[in-house]
Amino acid sequence: MKLEPGVGSAREALNSTHSFFETTRSVLREVGPGAAYGLKSVGPIAIDILNQGLYLVLVKWHSRLNSFEDQQAEGRRTSKQFAGKDIVILDESRWPERNTFY
């Protein structure tokens with residue numbers, strides 16, 4: 001994922017990327033076992049992308065951003081609804097790993 005510095009939010013990007021998990025699982029549940037078999041099956045590919053690609057990126061960056069967020073003073077926090085959940089919004093320009101993430 002490539003974001004330009006100062007554009008968007010790392011937290012929102014991570015939450016949005018994480019939503020692919022639920023969307024993909026929902027589609028695979030709806031399609032049923034047939035998604036895993038046949039020449040045109042996409043189930044195994046989707047699971048591989050989630051487990052071997054997105055999962056690794058999300059674990060790395062969610063934990064690093066969570067650590068930063070946990071260290072911030074309560075006075076610097078605001079919250080916002082995303083996908084029906086409250087999320088914390090902080091000034092990410094103070095996050096030491098911000099440029100590496102972007």
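Coordinate-derived values only; no laboratory data. A quick note: this is a predicted structure, and the numbers were derived from the prediction, not measured. Here the Cβ is made from the backbone with ideal geometry for all residues, glycine too, and neighbour counts use every protein chain on show.
The table below gives the values:
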quantity	calculated
For residue 82, distant residues with modelled amide H under 5 Å away	87
Percent of Cα-Cα distances greater than 15 Å, calculated over segment 10-101	66 percent
With Cα atoms, 0 to 90° folded angle of helix 55-71 axis to the chain main axis	20 degrees
Relative contact order of the chain, defined on C-alpha pairs under 8 angstrom at six or more residues apart (%)	34 percent
Assigned charges on the beta-carbon of Lys, Arg, Asp, Glu; segment 10-101 dipole about Cα centre (debye)	100 debye
Listed residues 23, 45, 83: farthest to the positive end of the dipole of the chain (Cβ charges)	45
Fewest-first sequence of 64, 76 by Cβ atoms within 10 Å of each Cβ	76, 64
Degrees between helix 10-31 axis and first principal axis of the chain (Cα, 0 to 90, nearest 10)	20 degrees
